[in-house]
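Please read the structure below before turning to the comments.
Taken together, the values in this text are just the output of simple stated rules run on the coordinates, not laboratory data. Only a predicted model underlies this, so the values are computations on that prediction, with no experimental measurement involved. Neighbour counts run over all protein chains shown; Cβ positions are idealised from the backbone, glycine included.
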Amino acid sequence: MDDQNGPPDRLTLTVSLTTGIARVAYGIRASVQLIEEVLRLDHDEWESILLLGDRQFYQSKNGPFPDQQLRVTVRPSLGYAALNHSDTNCDPPIANSYNPRLRAPDLALIFNGSTRTVFPRTAAIPIVDARQALGEWLLTRSRPTCIEWQPFDNY
């Protein structure tokens, strides 16, 4: 069982859920379970923000702050998700998921609930692909390579 406070040198997933609740998972097993929770939630008004590192992020107004994040929106009833990865050590530093095999479905996946912006339709990927990408992210702590990415278009 994972320690609720978690040691500072261990995989820690900090998530701001679409529901407005923040959660933290310590260790790979608890992190996978938290990702499964994210993938089950209907993100119809707000996205979820996932931060991965060795410690819990945003413990106070002074940090710690992450080097990278994943913004996730899922619509389980429609079978699609969209991801946005930002990392100062990647090129490009901000990218959206990309689905070249599918004609863009007619659906709006929330990019930012506070600005009411949506992902481009080409960012919609099957939830199974999003699950695989999030699992890879947990293991590698870098932008997943199992899906394609497109440069972020500031919209």
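For this structure, a couple of remarks:
- 18 Å reach of a label modelled at Arg101, 7 Å along Cα-to-Cβ, counting backbone N of region 116-131: 122-131
- Least to most buried among Glu136, Glu36 (fewest other Cβ within 10 Å first): Glu36, Glu136
- Sorting the segments 120-127, 42-49, 141-148 by their residues' average number of neighbouring beta-carbon atoms within 10 angstrom, most packed first, yields 120-127, 42-49, 141-148.
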